[in-house]
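Read the structure below first, then the notes.
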Amino acid sequence: MKAIQYYGPQNIKLEEVMVKPPEEGEVVVKVMAALTCGTDVKTFRRGHPVLIKNIPSGFGHEFSGVIEKLGRNVEGFKVGDRVVAANSAPCGECFYCRRGEYNLCENLDLLNGAYAQYITVPARIVKKNMLILPDNLPFERAAFCEPLANVVHGVERTGINPGDSVGIIGIGPIGLMFARLAKLKGARVIAAGRNPIKLKMAEEFAHADEVVDLTKYPNPEKIFKAFSEEEKGLDIAVECVGLPEIWERIFSCVRPGGKVHFFGGCKSGSTVTFDTTKMHYGDITMMSVFHHTPKYFRMALDYIASGEVEVEKLITDTLPLEKVEYAMNQHIEGKALKFLIKPNNLL
């Protein structure tokens with residue numbers, strides 16, 4: 001098959017590789033749709049100690065497709081089924097899994113290789129985190145299940161109530177999906193960013209109540225407070241950038257008794273400084289969540305299938321496998337939200 005192989009930062013190649021035969025419990029999926037992701041872009045730029053453990057490696061992790069071949073003892077699936085699979089599944093047995101904290105599983109192996117004509121899905125993911133698609137759900141929409149599952153996890157854990165003022169800094173695909181789900185929860189949403197493409201989608205996709213261009217209004221603290229009831233500050237502030245300086249700034253946007261969700265992951269080793277007086281005497285909740293669980297993966301599919309989250313609006317363009325490196329560079333230049341890669345449509 002044709003597949004993108006990752007050799008290191010800014011070193012990916014389209015090569016002919018063997019399709020891994022399915023072992024017991026595994027399935028081979030013909031990839032009909034794969035999506036570019038901010039995490040893949042970071043990996044392309046500087047590597048990733050968790051996602052990429054061996055070189056060369058498959059690359060890409062958001063996909064949907066059709067089951068091509070079954071390993072032994074696969075239950076609940078057949079050749080020809082239209083499916084979407086997550087990029088991980090918890091073991092169910094470790095310290096964290098026994099406590100229901102499945103996203104923190106100590107044995108959470110991550111699946112890569114979506115930028116390829118076929119991908120072999122491990123047995124644990126097949127059993128716990130692969131779902132059959134509704135007949136009328138297009139592959140390109142279904143491929144959004146993995147990124148949306150992370151957002152569903154974040155939104156559900158945040159506890160957004162109708163009427164809450166929710167401010168979001170960072171409106172890439174993740175921030176936009178967070179804003180959309182917050183709206184569906186009945187919140188009043190203000191979204192802030194700098195990129196014209198993303199600002200437009202904050203209106204057309206997320207349906208945010210207010211959209212702020214930070215190139216014109218560089219003081220988000222003042223704007224977010226003005227948006228809130230009696231200008232006390234936001235009920236909930238969400239950081240979707242992953243920069244320590246933005247973590248610190250968004251902390252100052254929330255009201256006493258409010259909540260700050262640090263959803264964007266910062267570079268390893270980063271540190272931040274907060275006003276402890278404001279945090280303690282202001283009774284502020286600070287939180288963050290990582291990854292997804294089978295529960296949230298299923299909820300993501302339900303959101304997409306219902307049409308409530310029109311994820312297809314986030315697709316900038318459709319490209320073949322040969323254009324994955326081009327897609328990565330377009331992301332780096334800020335010219336895209338997500339690309340739809342169709343591995344079996346070769347040039």
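The values are calculated or read from the model by the stated rules, or taken from the named source; none is laboratory data. The structure presented is a predicted model; accordingly, all values stated were derived computationally and were not measured. Cβ: placed from backbone, ideal geometry, glycine included. Neighbour counts: every protein chain shown.
Could you check the range 21-86 for strands (runs of 3 or more DSSP E) lying wholly inside it with 2 or more residues that are at positive phi and touching a Ser or Thr at 6+ places or on another chain (Cβ under 9 Å)?
In the range 21-86, no matching strands (runs of 3 or more DSSP E) lie anywhere.
For the range 94-128: of the residues being assigned to a loop (DSSP other than H, G, I, E, B) and of a type in the set (S, T, N, Q), which is farthest from the chain's Cα centre (by Cα)? Before you say what the answer is, go through the steps one by one.
Applying the first criterion (assigned to a loop (DSSP other than H, G, I, E, B)) to the range 94-128 yields 94-96, 100-101, 105-115, 117, 122.
So of that shortlist, the ones also of a type in the set (S, T, N, Q) come out as 107, 112, 117.
Values: ASN107: 20, ASN112: 14, GLN117: 22 Å.
The residue in question is GLN117.
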Long-range neighbours under 8 Å by Cβ, at least six apart or interchain, first residue without any contact (Cβ under 8 Å) to a residue 12 or more places away in the chain and among the polar types (S, T, N, Q) within the range 89-115, second assigned to a loop (DSSP other than H, G, I, E, B) and crowded, with 20+ Cβ neighbours inside 10 Å: none
Options HIS261, HIS280, HIS292; residue that is out of contact with any Leu (no Cβ under 6 Å at 6 or more places or on another chain) and exposed (fewer than 13 other Cβ atoms within 10 Å of the Cβ): HIS280
Of all residues making up the range 54-75, the number that are closer than 26 Å to LEU137 by Cα and basic (Lys, Arg): 1
Residues located in the range 308-323, provided they are under 10 Å from LEU148 (Cα atoms) and in a helix (DSSP H, G or I): VAL311
For ALA305: the one exception among (1) modelled with pLDDT of 95 or more; (2) outside any helix (DSSP H, G or I): (2)
